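Step one of this worksheet: look at the structure below.
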Amino acid sequence: MTAATAPPAPAPLAEEPAVRPAPRRKRLVPYWLLLPGILWLVVFFVVPLIYQASTSVQTGSLENGFHVTWHVQTYWDVLREYYPQFLRSLLYAAVATLLCLVVGYPLAYLIAFRAGRFRNVLLVLVIAPFFTSFLIRTLAWKTILADGGPVVALLNAAHILDLTNALGWTSGDRVLATPLAVVTGLTYNFLPFMILPLYTSLERVDHRLHEAAGDLYATPWTTFRKVTFPMSLPGVVSGTLLTFIPSSGDYVNAQLLGSADTKMIGSVIQSQFLTVLDYPAAAALSFILMAVVLFVVSFYIRRAGTEELL
């Protein structure tokens, strides 16, 4: 091949412009945005937690002062003395959470799929109790569950009190100062924390999935069991956690609606801090409660198959 017929040499490739690294100031912007939240957690969570941890291993008295002596025996002492209150708190919280799920799921389902133009009204009614003080709402139940009131009369007429008496949850013809009153107060006060996550999950379910299930000759119950409930499981898990965790440490309902026989661990901690003034015991009880709740919650989430919520 002669030089006249030789193919032309390929043109040199244009050099790609070098990518300039982002300025250092721009790279630090996300961390500066996180700084207020991190400072908030450090000041109002980490520091009090460390202070409480040091308090739990102190010895002394209010007159002579408390000093860190690494007295870990306090944990065993309070656990041995107050384990009935721990078990009672977990039982009451579990029952209240189950009742919130039984009551809240149908209501959340109604709001998500059947409310139509009344959806916003029903959502406002769900959160309306939050406009009233927690204490006032709980005190109102003392009137609702008063001896000789319409609620007690209705329970008597329906022979429900006979069943609860057999279970040891009520005493005679009264509901106040019994486990049933405490669980009722817990259920009422924390019910919105169950309904709102359930509604959020149900509202995201595509209605076309229900239509597809019907086209495949699925009954309404099968559609709920195979489609709706599995897709709402994140809301179920979130709602049960938001209900169980505060219920297990609550002391207002047990204080106002219960008696000495229904005292929960939150009441014991409050008494140790404000009445007995035994700060190491109160701090140790708080840490034990936190550890127990973390263990129960972790076990529950893993069993429910929603580890991403951790």
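The values are calculated or read from the model by the stated rules, or taken from the named source; none is laboratory data. The model shown is predicted, which means the values in this text are computed figures rather than measured ones. No Cβ is skipped: glycine too gets one built from the backbone with ideal geometry, and neighbour counts run over all protein chains shown. With ligands, DNA and RNA removed, areas are computed over all heavy atoms of the protein, side chains included. Shrake-Rupley method; radii C 1.70, N 1.55, O 1.52, S 1.80 Å.
Quick notes
- Residue, least open to solvent (accessible area, probe 1.4 Å), within the stretch 253-267, restricted to residues that are more than 15 Å from Thr184 (Cβ to Cβ) and over 21 Å from the mean Cα position of the chain (by Cα): Ala260
- Some residue of the stretch 251-259 being at pLDDT 90 or above, of a type in the set (A, V, I, L, M, F, W, C) and under 22 Å from Val78 (Cβ atoms): yes
- Residue in the stretch 68-84 that is surrounded by the most Cβ atoms within 10 Å (Cβ to Cβ), counting only those that are of a type outside the set (Phe, Trp, Tyr) and farther than 16 Å from Ala283 by Cβ: Pro84
- Top-ranked residue of the stretch 180-205 - restricted to ones that are within 30 Å of Val227 (Cα to Cα) and more than 20 Å from the chain's Cα centre (by Cα), ranked as most open to solvent (accessible area, probe 1.4 Å): Arg204
- Where helices (runs of 4 or more DSSP H) sit wholly within the stretch 1-84, those with at least 2 residues that are at pLDDT below 90 occupy 24-27, 29-41.
- Of everything in the stretch 47-67 that is out of contact with any Pro (no Cβ under 9 Å at 6 or more places or on another chain) and under 20 Å from Met290 (Cβ atoms), the residue that is most open to solvent (accessible area, probe 1.4 Å) is Tyr51.
- Among the helices (runs of 4 or more DSSP H) confined to the stretch 162-262, the ones with at least 1 residues that are aliphatic (A, V, I, L, M) are located at 179-203, 207-215, 233-248, 252-257.
- Subset tally (residues that are open to solvent by 40 Å² or more (accessible area, probe 1.4 Å) and under 30 Å from Phe131 (Cβ atoms)) for the stretch 154-179: 1
- Hits in the stretch 86-119 (condition: within 15 Å of Val236 (Cα to Cα), open to solvent by 20 Å² or more (accessible area, probe 1.4 Å) and among the small types (Gly, Ala, Ser)): Ala94
- Which listed residue is closer than 23 Å to Leu110 by Cβ, modelled with pLDDT of 95 or more and aliphatic (A, V, I, L, M), from Leu209, Leu191: Leu191
- Scanning the stretch 129-161 for residues that are touching a residue at least 60 places away in the same chain (Cβ under 8 Å) and not in a helix (DSSP H, G or I) gives a single hit, Leu145.
- Within the stretch 110-156, the set of residues being under 20 Å from the mean Cα position of the chain (by Cα) and under 15 Å from Pro197 (Cα atoms) comprises Leu123, Val126, Ile127.
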